[in-house]
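S.K.: A single structure is presented below for examination.
The values are calculated or read from the model by the stated rules, or taken from the named source; none is laboratory data. The structure displayed is predicted, hence computed values, not measured ones. In this analysis, Cβ positions are derived from the backbone assuming ideal geometry, glycine residues included, and neighbour counts consider all displayed protein chains. Side chains are part of the model used for accessible areas, which takes the heavy atoms of the whole protein and leaves out ligands, DNA and RNA. Shrake-Rupley method; radii C 1.70, N 1.55, O 1.52, S 1.80 Å.
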Amino acid sequence: MLGAGPAGVIAAETIRKHRPADAITIVGDEPEPPYSRMAIPYLLAGQIGEAGTWLRKGAGHYEALRINVVPGRATALDTASRIVSLADGRQLGFDTLLIATGSTPLQPPIPGINLPGVHPCWTLADARRIMALAGKGARVLQMGAGFIGCIIMEALALRGVQLSVVEMGDRMVPRMMGPTAGGMIKEWCQRHGVQVHTGTRVEAISPGAPLSVRLSSGEVVAADLVISATGVKPAIGFLEGTPIRCKQGILTDWRMQTNVPGIYAAGDCAEAFDKLSGRHVVSAIQPNAADQARVAALNMAGMPAELPGVTQINVLDTLGLVSASFGRWQGVPDGEHVELTDRAASRHLSLQFKDDVMVGCNSVGWTEHVGVLRGLVEGQVRLGTWKDRLKEDPTRLMEAYLASAQAQGQWRGAWDDRRR
Ligand SMILES: Cc1cc2nc3c(=O)[nH]c(=O)nc-3n(C[C@H](O)[C@H](O)[C@H](O)COP(=O)(O)OP(=O)(O)OC[C@H]3O[C@@H](n4cnc5c(N)ncnc54)[C@H](O)[C@@H]3O)c2cc1C
């Protein structure tokens, strides 16, 4: 396995279950026991210690499973001779390979981005640097209000910092939420003491204590810490020059195999084929990494398995306001749409339909219906007459789901039709 995150670890454990005699190696380029990035906000909030982020906490877990965890950075892959080269010159041979190298933060080309005190929030090492600077009352400026940016805001607030957020999009979480939902999340954050600048870029960061951050609005903000949360990209640079086909991420088939037989990819670095939408997608969330790793591992162990679909769901807790986006929340050509907004109560629903299927949605403040929304979108449940009823009153989601659940049989049929 290349990569010691959730995908690498789950794949190694799955292979071990089915192949007791195989030699299994995980190569990871961070000097930590395999850990979950998802746990970093809890570490920042002081709710867990570093050991709480480790994926497996039992002492000797990997040794007991005879999984060899090797520190090292893969720099090249020879697909013909089946050898991975590491940065320190070592070469590792393999029969089957899983690429599970995840993603790395995008660093915007801004003067001052490499100054001390400017950090992404992606690794445990980043978290340590952030914790050292984000003490009570510290002035923290966060670049980016996307998925990760919003997730870490709660932790930063709990640390008692003075937080400013700068997002170049016209709203918060612009790649996950429509204008109304993104606007409501912004209002919520502002009500909770966060300065939010949308439609604004950080133009330059100047050194000093504090740092001076120049915004495109002309404003200059003093900051003891700048956190860069401006997106990530699959960590696949070392595949350049190999025959492995990549677009945004590594292209895989239903079995998570790349175009090179015996070489698989899973997790944030992979572009998996989503049977429901019929497209390849990178959906960089941990449940997908886990599902894809299991499927890849079963195939690597000689047990055919297919990925049922790629979960395109993001559920976000921004300073206590829960929002969610599912599937094609922006809508589809010739689709239909209904929206219901109660700004005073911070509640919003936006449902997107194609024919009588709900293909995507945004919700803000509807914690009780997250499961139903997911069931309707992922299950491609045919709503029949319930589509029009939902268009009249979107709050009847639960009724619509219960009444249409029997249509799951039709959905299976539709799915099977696609595969023929
Ligand atoms: C702060 C934060 C909060 C998050 N919160 C959530 C959340 O609430 N819900 C959710 O679903 N997801 C969340 N995520 C995203 C989630 O962590 C990722 O989707 C998940 O980690 C993907 O797992 P992975 O195994 O594919 O990749 P990673 O966890 O990124 O693991 C990749 C591994 O590969 C290693 N590696 C990279 N390049 C090389 C190389 N060349 N050679 C060797 N090793 C290499 C890395 O060091 C790492 O060990 C969060 C992420 C962050 C940063």
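S.K.: Would you mention how many residues in the stretch 1-40 are within 21 Å of A87 (Cβ to Cβ) and exposed (fewer than 14 other Cβ atoms within 10 Å of the Cβ)?
M.R.: Adding up the residues that qualify gives 1.
S.K.: Quick one: what pairs do we get from the stretch 69-83, first residue within 21 Å of L55 (Cα to Cα), second assigned to a loop (DSSP other than H, G, I, E, B) and open to solvent by 20 Å² or more (accessible area, probe 1.4 Å), C-beta under 6 Å, 6+ apart or different chains?
M.R.: As it stands, the answer is R73/D29; R73/A87, since those pairs meet every condition given.
S.K.: Name the residues in the stretch 46-89 that are in contact with a Leu (Cβ under 8 Å, 6 or more places away or on another chain) and small (G, A, S), would you?
M.R.: Within the stretch 46-89, G46, G49, G52, G72, A74, S85 qualify.
S.K.: Test Y62 against the stated conditions and say whether it is outside any strand (DSSP E or B), within 16 Å of the ligand (Cβ to nearest atom) and open to solvent by less than 40 Å² (accessible area, probe 1.4 Å).
M.R.: Yes; evaluated as a whole, the condition is true for this residue.
S.K.: Could you figure out which of (1) open to solvent by 20 Å² or more (accessible area, probe 1.4 Å); (2) assigned to a helix (DSSP H, G or I) isn't true of L43?
M.R.: (1)
S.K.: Follow-up question, since we're still on this one. So how many residues does the stretch 264-300 have that are crowded, with 24+ Cβ neighbours inside 10 Å and not aromatic (F, W, Y)?
M.R.: Counting residues in the stretch 264-300 that are crowded, with 24+ Cβ neighbours inside 10 Å and not aromatic (F, W, Y) gives 15.
S.K.: Could I ask something else about it? Which one of these is under 25 Å from Q190 (Cβ atoms) and either open to solvent by 50 Å² or more (accessible area, probe 1.4 Å) or assigned to a loop (DSSP other than H, G, I, E, B) (or both): V310, V332, V370, V315?
M.R.: V315
S.K.: Looking at (1) within 16 Å of the ligand (Cβ to nearest atom); (2) in contact with a helix residue (DSSP H, G or I) (Cβ under 9 Å, 6 or more places away or on another chain); (3) over 20 Å from G375 (Cβ atoms); (4) of a type in the set (S, T, N, Q), which one does Q257 not meet, given that it meets all the others?
M.R.: Only one criterion in (1) within 16 Å of the ligand (Cβ to nearest atom); (2) in contact with a helix residue (DSSP H, G or I) (Cβ under 9 Å, 6 or more places away or on another chain); (3) over 20 Å from G375 (Cβ atoms); (4) of a type in the set (S, T, N, Q) is unmet by Q257, namely (1).
S.K.: Something else about it: Identify all residues within the stretch 92-120 that are in a loop (DSSP other than H, G, I, E, B), of a type outside the set (S, T, Y), within 16 Å of the ligand (Cβ to nearest atom) and in contact with a Pro (Cβ under 8 Å, 6 or more places away or on another chain); write none if there are none.
M.R.: Matches in the stretch 92-120: G102, Q107.
S.K.: Select from the stretch 70-91 the residues that are closer than 19 Å to E240 by Cβ, part of a strand (DSSP E or B) and either of a type outside the set (S, T, N, Q) or open to solvent by less than 20 Å² (accessible area, probe 1.4 Å) (or both) and list them in ascending order.
M.R.: Result: A74, A76, L77, D78, I83, V84, L86.
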